[in-house]
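Notes follow once the structure below has been shown.
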Amino acid sequence: MTAKKKTNEIDTSTKVKNPPKKFHHPYDELLRIYAIPTIYCPGCGIGTTIQAFLEAITKYTDIPHENIVVISGIGCTGRASGYINLDGFHAIHGRAIPFASGVEIARPDIKPVIISGDGDLFSIGMGHLAHAARRNIDMTVIVINNSIYGLTGGQDAPTTPVGALTKTTPYGKISYPFNLSQIAIANGATFCARYTVYEFTPLAKAIARGMNHQGFSFIEVISNCHVNFGRRNNLGDAIAMRKQFKKARVRMTEKDINKDWHKTDIEFKVGVGFTKIPTGIFLEEKERPIEFSERIVNAYEIKKS
């Protein structure tokens, strides 16, 4: 048998024919064009979430852009603050929330928005998230949950489902994953929502709703990492995973949940993929506890008198 010859031919099947002289993004002014192209794999849900955030602050909230600070930690999602053309900070691993806490306490007129990953916020950073939630610090946390450590090659994360294959669980994950929304609520979040990257418009509106909420708001975004999670678990490409999200999503409200937070658990079946992803606004406290920076001011005024 003769060996098959290797070819260096470039795949042009996805090449845009007759492209315009200059591509224009509808939110060019809110992106750091010099930093693009991003590091994200084509079809990555992080890009979709960034777009949903830009949609939220442009269409669905009146918070001035100069009053928004974007803060992120380490990982693929951690690069978000570098691509968004607003005041921002790229923190070290797990420390996005302490930095955001300092911003909000020093400048209550500023709205800190954290955009970071499940590994960054719920591994080394989970203690900080728990304390910010219990204090009800006025910030919005957008956590992109893709069930894997994507940037470092595909190790299992706090959100990796039981049985899923990763670089560090080649025979399948044996420990149970965190339910991120349940943890946020249990620690005192006063607003909590979850959507998949398939649900773009509801996600954008939920982000704006969380930002308009005074207190600790938490939005979980179920995203595809088709390269390091989907590939290892035979879930297909980005489009295939999003179709699975569409099929698996189950819309839930506070009334449906009725404080039984196990109803919000995500279900995953080995060899099949995600079979149930509850989404929606899980919690929105109307009679909110006094936000943390307000309590600091009140305590200072009492002491002064």
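Among residues belonging to the range 75-94 that are in contact (Cβ under 8 Å) with a residue 24 or more places away in the chain and among the aliphatic types (A, V, I, L, M), point out the one that is farthest from residue 58 (Cα to Cα). Walk me through it before giving the result.
Start the filter on the range 75-94 by keeping residues that are in contact (Cβ under 8 Å) with a residue 24 or more places away in the chain, which leaves 75-86, 93-94.
Now drop any that are not among the aliphatic types (A, V, I, L, M), which leaves 80, 84, 86.
Details: 80: 17, 84: 13, 86: 13 Å.
Taking the candidates together, the pick is 80.
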## Note on the structure
Of the conditions (1) in contact with a Gly (Cβ under 8 Å, 6 or more places away or on another chain); (2) without any contact (Cβ under 8 Å) to a residue 40 or more places away in the chain, the single one that residue 231 does not satisfy is (1)
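Test residue 247 against the stated conditions and say whether it is modelled with pLDDT of 95 or more, over 22 Å from residue 183 (Cβ atoms), surrounded by fewer than 16 Cβ atoms within 10 Å (Cβ to Cβ) and in contact with a Phe, Trp or Tyr (Cβ under 9 Å, 6 or more places away or on another chain).
Values: modelled with pLDDT of 95 or more: yes; over 22 Å from residue 183 (Cβ atoms): yes; surrounded by fewer than 16 Cβ atoms within 10 Å (Cβ to Cβ): yes; in contact with a Phe, Trp or Tyr (Cβ under 9 Å, 6 or more places away or on another chain): yes.
So residue 247 fits the description; yes.
Can you find, within the range 187-198, the residue that is nearest to the chain's Cα centre (by Cα) among those that are part of a loop (DSSP other than H, G, I, E, B) and buried (at least 22 other Cβ atoms within 10 Å of the Cβ)? Walk me through how you get there before you give the answer.
Filtering the range 187-198 for residues part of a loop (DSSP other than H, G, I, E, B) gives 187-190, 197-198.
When the remaining residues are screened for being buried (at least 22 other Cβ atoms within 10 Å of the Cβ), the result is 189-190, 197-198.
Working: 189: 16, 190: 18, 197: 10, 198: 13 Å.
Filtering the range 187-198 for residues that are part of a loop (DSSP other than H, G, I, E, B) and buried (at least 22 other Cβ atoms within 10 Å of the Cβ), the one nearest to the chain's Cα centre (by Cα) comes out as 197.
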### Query
Of the residues 101, 81, which single one is in contact with a Pro (Cβ under 9 Å, 6 or more places away or on another chain) and over 20 Å from residue 209 (Cβ atoms)?
101
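State all residues of the range 251-266 that are surrounded by 14 or more Cβ atoms within 10 Å (Cβ to Cβ) and free of Cβ contacts under 8 Å to residues at least 40 places away in the same chain; if no residue qualifies, say none. Full working, then the answer.
First, the residues of the range 251-266 that are surrounded by 14 or more Cβ atoms within 10 Å (Cβ to Cβ): 252, 254, 256-257, 261, 263-266.
If the condition is that a residue be surrounded by 14 or more Cβ atoms within 10 Å (Cβ to Cβ) and free of Cβ contacts under 8 Å to residues at least 40 places away in the same chain, then 252, 254, 256, 257, 263 are the ones that fit.
Are there helices (runs of 4 or more DSSP H) fully within the range 84-186 with at least 1 residues that are closer than 20 Å to residue 281 by Cβ and open to solvent by less than 10 Å² (accessible area, probe 1.4 Å)? List them.
On the way: elements: 96-106, 126-135, 180-186.
Once the helices (runs of 4 or more DSSP H) in the range 84-186 are filtered for at least 1 residues that are closer than 20 Å to residue 281 by Cβ and open to solvent by less than 10 Å² (accessible area, probe 1.4 Å), what remains is 126-135, 180-186.
The values are calculated or read from the model by the stated rules, or taken from the named source; none is laboratory data. This is a predicted model, so every value here is computed, not measured. Using ideal geometry, Cβ is built from the backbone for each residue, glycine included, and neighbour counts are taken over all protein chains shown. Keep in mind that these areas ignore ligands, DNA and RNA; they rest on the heavy atoms of the full protein, side chains included. Shrake-Rupley method; radii C 1.70, N 1.55, O 1.52, S 1.80 Å.
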